[in-house]
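Note sheet for the following structure.
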């Protein structure tokens with residue numbers, strides 16, 4: 001959640017401004033315009049130093065009566081110098097009849113510690129646990145292949161017996177050879 005800079009408008013009298021004298025942050029922040037009176041326009045302006053690393057979508061903001069409005073100030077944290085940056089934010093109401101300045105200090109972003117402690121035991125090879133053998137011989141992957149091969153062989157033999165043609169007999173022998181080759185490769189594991 002971004003930091004919030006509160007600005008109270010018309011709390012004591014019409015168009016009056018109450019702002020903190022200074023504000024510190026490391027990143028983008030929201031100016032919270034809190035209007036305690038009638039609807040009005042509030043003008044926000046970043047000075048030259050602050051506008052080098054920060055920006056707003058608009059400078060003039062309409063605030064309904066007795067309401068709040070958030071104005072995002074986007075800060076390019078990577079552009080903040082190592083020793084930070086000092087700038088000023090101007091707040092004006094009633095077309096400049098009331099004006100206040102807020103000192104804004106942008107601190108450089110904290111460098112994140114991305115260190116990960118590694119236990120020395122992780123450098124040693126870990127023993128591998130043998131894979132559990134299937135409880136049932138039917139759970140082995142070769143069983144469905146063997147079943148389909150036997151079915152294909154039975155169909156081929158039945159066709160050779162009933163049709164009694166040399167081409168069907170050759171086809172049956174080809175199916176038998178295919179089933180035997182498949183079984184050979186399955187049993188090689």
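Remarks
- Nearest 10 degrees, 0 to 90: helix 166-187 Cα axis against the chain principal axis: 60
- Rounded to 10°, Cα long-axis angle of helix 142-163 versus longest principal axis of the chain: 40
- As a length-normalised measure over Cα pairs under 8 Å and 6 or more apart, the relative contact order of the stretch 1-47 settles at 45 percent.
- The stretch 3-106: C-alpha gyration tensor shape, a/c 1.5 cut-off, then a/b vs b/c: prolate
- Rough spin-label spacing in nm, given labels placed 7 Å along Cα→Cβ, for residue 118 and residue 170: 6.4
- Cβ-Cβ FRET estimate between residue 58 and residue 15, R0 fixed at 22 Å, reported to 0.05: 0.65
- Separation in nanometres of the label points that stand 7 Å from Cα toward Cβ, at residue 97 and residue 34: 2.3
- Computed helical MRE - 222 nm, the chain, DSSP H runs ≥ 4 contributing -39500 (n - 2.57), nearest 500: -8500 deg cm²/dmol
- When both the stretch 1-53 and the stretch 160-188 are represented by their alpha-carbon centers, they are found 87 Å apart.
- If you model the chain as an ellipsoid using its alpha carbon gyration tensor, with each semi-axis the square root of five times an eigenvalue, the axes come out at 84, 26, 16 Å, biggest first.
- Note on residue 78 and residue 163: the model spin-label points, each 7 Å out from Cα along the C-beta direction, lie 7.1 nm apart.
- Burial ordering of 41, 8, fewest other beta-carbon atoms within 10 Å first: 41, 8
- Overall form of the stretch 139-187 per C-alpha gyration tensor (a/c, 1.5; a/b vs b/c): oblate
Read-outs: derived from the displayed coordinates by stated rules, not from any lab. This one's a predicted model, so the numbers in the text were calculated from it and none came from an experiment. FYI the Cβ positions are ideal-geometry reconstructions off the backbone, even for glycines, and counts take in every protein chain you see.
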